[in-house]
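J.: My questions will all concern the structure given below.
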Amino acid sequence: MKIKTLINEEQLQNRIKGLAKELTEYYKKRTDTIHAVCVLKGAIHFFTDLVEHIDLNVEYSFIHVSSYSGTESTGKIRVKSWIDEPIEGKYVLVIDDILDTGLTLSYILGYLKRYNPADLKVATLLRKQGRNPAVSADFIGFDIEDKFVIGYGLDFDEKYRNIPFIGYLE
């Protein structure tokens with residue numbers, strides 16, 4: 001199988017810097033500190049690059065949830081680890097890799113709302129077109145066609161996460 005490039009490294013980095021600027025502008029009017037929650041494992045590269053360019057104080061949390069097996073969503077959410085920081089009254093930004101069905105993100109947001117954050121927003125690197133996700137994202141890197149994508153943290157059975165661009169298997 002050959003990997004085809006969908007979004008190259010330069011496109012990724014340029015858009016992430018633009019997204020960081022949008023986030024800084026949104027939050028600067030509200031607070032000087034945000035609490036960024038990385039959805040592991042897929043969002044790790046996006047999270048790292050994005051928070052580096054946000055011009056505010058950024059607190060970090062990590063949650064590890066999964067609903068995929070191979071290329072298909074199982075429809076079941078498995079929580080492997082959860083945030084261990086209090087977020088009540090904080091400005092919380094959930095950073096995810098891709099908005100597809102929205103089931104995992106819906107679960108995460110529903111749970112985080114119980115902690116009463118002052119503000120709860122979502123930034124996602126990718127949003128698949130032609131889907132009707134259970135939730136929406138507030139900040140979106142790229143709208144992509146409905147392909148199974150890999151690279152830059154996204155995987156196929158734990159492979160291809162470390163390629164520095166977004167691609168798909170031909």
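J.: So how do L6, L125 line up by other beta-carbon neighbours within 10 Å, fewest first?
T.: Values: L6 18, L125 32.
Lowest to highest Cβ neighbour count: L6, L125.
J.: Along Cα→Cβ, 7 Å out, is where each label goes; now give me the distance between the ones at K21 and W82 in nm to one decimal.
T.: Between K21 and W82, the simple spin-label model gives 3.9 nm.
J.: May I pose another question? Using alpha carbons only, how many angstrom separate the centre of the stretch 3-27 from the centre of the stretch 78-137?
T.: 19 Å
J.: Just want to confirm a number: the relative contact order over the stretch 9-147, from Cα pairs under 8 angstrom separated by 6+ residues, in percent.
T.: 22 percent
J.: Output the antiparallel fraction of DSSP beta bridges having both residues in the stretch 9-147, as a percent to the nearest 5.
T.: About 15 percent, rounded to the nearest 5.
J.: Restricting attention to the alpha-carbon atoms of the stretch 66-162, what are Rg (one decimal) and Dmax (integer), both in Å?
T.: Calculated on Cα positions, Rg and Dmax stand at 13.9, 38 Å.
J.: I've got another one for you. Output wanted: per-residue J couplings in Hz (rounded whole) for the stretch 144-151, from phi through Karplus 6.51 cos²θ - 1.76 cosθ + 1.60, θ = phi - 60°, x for Gly and Pro.
T.: 3J(HN,Hα) across the stretch 144-151, in whole Hz: 10, 5, 6, 10, 7, 9, 9, x.
J.: So which lysines pass the test for K121, namely a Cα distance under 26 Å, with those fewer than 8 places away in the same chain ruled out?
T.: K17, K21, K28, K29, K41, K76, K80, K90, K113, K147
J.: Tell me, what ³J(HN,Hα) does each residue in the stretch 14-29 have, in order and in whole Hz, if you take phi through Karplus 6.51 cos²θ - 1.76 cosθ + 1.60 with θ = phi - 60° and put x for Gly and Pro?
T.: 5, 5, 5, 5, x, 5, 4, 5, 4, 5, 4, 4, 5, 7, 4, 6
J.: Output ³J(HN,Hα) for the stretch 3-11: one whole-Hz value per residue in order, computed from phi by the Karplus curve 6.51 cos²θ - 1.76 cosθ + 1.60 with θ = phi - 60°, and x for Gly and Pro.
T.: 8, 9, 7, 9, 9, 7, 4, 5, 4
J.: At R0 = 22 Å, how high is the FRET efficiency between N14 and Y111 if r is their beta carbon distance? Nearest 0.05 is fine.
T.: That gives a FRET efficiency of 0.10.
J.: Collect residues whose amide H, placed 1.01 Å from N in the peptide plane, falls under 5 Å from the amide H of C38; neighbours closer than 5 in sequence don't count.
T.: Sorted by chain and number, the residues that satisfy this are S61, F62, I63, I95.
J.: Roughly what would the spin-label model give for K159 and E52, points 7 Å off Cα along C-beta, in nm?
T.: The modelled label-to-label distance comes out at 2.8 nm.
J.: Comparing V79, V58, V39, which has the greatest mean-square fluctuation in the GNM of the chain with Cα pairs linked when under 10 Å apart?
T.: Answer for the Gaussian network model of the chain: V79.
J.: Could you put Y152, Y160 in order, starting from the residue whose Cβ has the fewest other Cβ atoms within 10 Å?
T.: Ordered from fewest to most neighbouring Cβ atoms within 10 Å, Y152, Y160 come out as Y160, Y152.
J.: Separate question: Which shape class, rounded, prolate or oblate, goes with the chain when its Cα gyration tensor gives a ≥ b ≥ c as root eigenvalues, a/c under 1.5 marks rounded, and past that a/b bigger than b/c marks prolate?
T.: It is oblate, given that a/c is not under 1.5 and a/b is not larger than b/c.
Values quoted throughout were computed directly from the atomic coordinates according to the rules given, and no laboratory measurement underlies them. Keep in mind the model is a prediction, meaning the values are calculated, not measured. Every residue, glycine as well, gets a Cβ built from its backbone with ideal geometry; the counts of neighbours run over all protein chains shown.
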